[in-house]
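**Student:** Quick one: structure below, then a few questions.
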Amino acid sequence: MKANILHNGLAVLVALANLVPAANAGDTPEAAIAPPVDDSSFYIYADVWAVGIKGDVGVGGLSKPVDVGFDDILDNLDASLAGGFGYQNGKWGFLTEALWLKISSDAPTPGPLFRKADIGVEQLMADGHISYRIFECSQGKGYLDVIGGVRYTYIKTSLSLAPGLASRRISAAGSKSWWDGYGGVKGRYNITDKWFVPFRADVGGGGSAITWQAMGGIGYQFNPMFDVNLAYRYMAVDYSDGGFIYDVASSGPMLTLGCKF
């Protein structure tokens, strides 16, 4: 009798031991064992900007209007390099970009003393801003960010008046650099799962009297990693310091190749 009781008791204990792990597994929420979601990404891109410039440049007491359309850029562009790097983590993001170009052109001069004016412009801009996502469309259709940042600008200009009736050439050259702060918005709207519209606008000042830009275009998403977009970009800078003047708008179509990882 005692043997039967002992045997039945051991059977009950074994059954309970087998039930405990199963009950614990059923009580564990799926979220507790799921890996954390990584909401961060990096983005690098390269730009080809068929930029034209229009405005007034001056140095050393000489000043001259300059007007080089983007359709003439192949004849006047000496060198160009542009691109950027960004990071996004949830609603917060950071983007830095740089642009360097050299343009040379000539322009007619009034009167017979000089035949023409030879104009050279070298421009370097480095830009960095922080962004915060204030709006997201449903079903991942797009977003809108507010941005705030700083922009460093370096400009080197040269002016040379080729002699006509005058006996000699007159030349002057100089350079300046400054910092501007700015604020604005940027975003993207997905027309389909492949086609999208990128846009950006900002305005600021500091070293310059005012600087502002606007950009918008159309893009294509090849896959989650690679995209390309064609946009029109317009950037204006109004800076003067003594005899140095750079009141110029740079504009033209821009092709961007990007990679997200």
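The values are calculated or read from the model by the stated rules, or taken from the named source; none is laboratory data. The model shown is predicted, which means the values in this text are computed figures rather than measured ones. Note that each Cβ is placed from the backbone with ideal geometry, even for glycine, and that neighbours are counted across all protein chains shown.
**Student:** Return only the number of the condition from (1) over 27 Å from residue 155 (Cα atoms); (2) touching a residue at least 60 places away in the same chain (Cβ under 8 Å); (3) aliphatic (A, V, I, L, M) that residue 249 does not satisfy.
**Tutor:** Every condition holds for residue 249 apart from (1).
**Student:** How many of the residues making up region 60-105 are over 24 Å from the mean Cα position of the chain (by Cα), exposed (fewer than 15 other Cβ atoms within 10 Å of the Cβ) and at pLDDT 80 or above?
**Tutor:** Count: 2.
**Student:** Of everything in region 128-171, what is among the basic types (Lys, Arg), in a strand (DSSP E or B) and in contact (Cβ under 8 Å) with a residue 40 or more places away in the chain? Give them in sequence order. Don't jump to the end; show me each part of the working.
**Tutor:** Taking region 128-171 and keeping what is among the basic types (Lys, Arg), we get 133, 141, 151, 156, 168-169.
Subset that is in a strand (DSSP E or B): 133, 151, 156.
Hits for region 128-171 are 133, 151.
**Student:** Do we find a residue being without any contact (Cβ under 8 Å) to a residue 60 or more places away in the chain, surrounded by 17 or more Cβ atoms within 10 Å (Cβ to Cβ) and touching a helix residue (DSSP H, G or I) at 6+ places or on another chain (Cβ under 8 Å) anywhere in region 188-206?
**Tutor:** yes
**Student:** Looking only at region 188-225, how many residues end up being more than 28 Å from residue 138 (Cα to Cα) and touching an Asp or Glu at 6+ places or on another chain (Cβ under 8 Å)?
**Tutor:** The qualifying residues number 10.
**Student:** Please tell me if residue 177 is more than 26 Å from residue 39 (Cα to Cα), touching a strand residue (DSSP E or B) at 6+ places or on another chain (Cβ under 9 Å), modelled with pLDDT of 95 or more and not in a strand (DSSP E or B).
**Tutor:** Here the answer is no, as residue 177 does not meet what is asked.
**Student:** Separate question: Checking residue 24 against (1) among the polar types (S, T, N, Q); (2) part of a helix (DSSP H, G or I); (3) at pLDDT 60 or above: exactly one of these is not met. Which one?
**Tutor:** Every condition holds for residue 24 apart from (3).
**Student:** Let me ask you something else. Would you point out which residue out of 239, 154, 246 is surrounded by fewer than 16 Cβ atoms within 10 Å (Cβ to Cβ) and in contact with a strand residue (DSSP E or B) (Cβ under 9 Å, 6 or more places away or on another chain)?
**Tutor:** 154
**Student:** Here is a follow-up. For residue 206, work out the one condition from (1) on the phi > 0 side of the Ramachandran plot; (2) at pLDDT below 95; (3) not polar (S, T, N, Q) it doesn't fulfil.
**Tutor:** (2)
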